[in-house]
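Enquirer: Before I ask anything, here is the structure I am working with.
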Amino acid sequence: MQNSTVINAPAKTSQPLQPPRLGEEILRVEHVNRGFNKSQGELLVLDDANLSLREGEIVGLLGRSGSGKSTLLR
């Protein structure tokens, strides 16, 4: 069995890392509202939602079940 050492150090680079350049805006939605009629009354899942996406951008939608993620994408 060989002994090994793990060193958790950042990689050295000659230049500081730069965030990727994003392209032009390809999608914008503003003031989106959406509700559903339920037996207990209307359920509002989106209330004045806004979203802007740029070319090259990576986006994740996080939220609890029923919070409107899929509804926003529809």
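The values are calculated or read from the model by the stated rules, or taken from the named source; none is laboratory data. Model, not experiment: these values are computed from the prediction. Cβ coordinates were reconstructed from backbone atoms using ideal geometry, including for glycine residues, and neighbour counts include every protein chain displayed.
Enquirer: If I ask for residues that are modelled with pLDDT of 90 or more, aliphatic (A, V, I, L, M) and more than 15 Å from Leu72 (Cβ to Cβ), which ones from the range 14-50 would you list?
Expert: Listed by number, the list holds a single entry, Ile26.
Enquirer: Test each condition in (1) touching a strand residue (DSSP E or B) at 6+ places or on another chain (Cβ under 8 Å); (2) β-branched (Val, Ile, Thr); (3) free of Cβ contacts under 8 Å to residues at least 24 places away in the same chain for Val29 and report the one that comes out false.
Expert: Among (1) touching a strand residue (DSSP E or B) at 6+ places or on another chain (Cβ under 8 Å); (2) β-branched (Val, Ile, Thr); (3) free of Cβ contacts under 8 Å to residues at least 24 places away in the same chain, Val29 violates only (3).
Enquirer: Could you list, in sequence order, all residues of the range 25-53 that are surrounded by 11 or more Cβ atoms within 10 Å (Cβ to Cβ) and of a type in the set (S, T, N, Q)?
Expert: Across the range 25-53, the qualifying residue is only Ser52.
Enquirer: Which residue, of Glu30, Glu42, is within 25 Å of Ile58 (Cβ to Cβ) and of a type in the set (Asp, Glu)? Before you say what the answer is, go through the steps one by one.
Expert: On the way: Glu42 fails: within 25 Å of Ile58 (Cβ to Cβ).
So the residue among Glu30, Glu42 that is within 25 Å of Ile58 (Cβ to Cβ) and of a type in the set (Asp, Glu) is Glu30.
Enquirer: Within the set of pairs 6 or more residues apart or between chains, which connect a residue that is in contact (Cβ under 8 Å) with a residue 24 or more places away in the chain and in a loop (DSSP other than H, G, I, E, B) inside the range 55-74 to a residue that is among the charged types (D, E, K, R) and loosely packed, with under 10 Cβ neighbours inside 10 Å with Cβ atoms less than 8 Å apart?
Expert: Glu55/Glu24; Gly56/Arg21
Enquirer: Here's another thing I want to ask about it. Is it the case, given these coordinates, that Leu61 is surrounded by 10 or more Cβ atoms within 10 Å (Cβ to Cβ), in contact with a Leu (Cβ under 9 Å, 6 or more places away or on another chain) and of a type in the set (A, V, I, L, M, F, W, C)?
Expert: Values: surrounded by 10 or more Cβ atoms within 10 Å (Cβ to Cβ): yes; in contact with a Leu (Cβ under 9 Å, 6 or more places away or on another chain): yes; of a type in the set (A, V, I, L, M, F, W, C): yes.
Yes.
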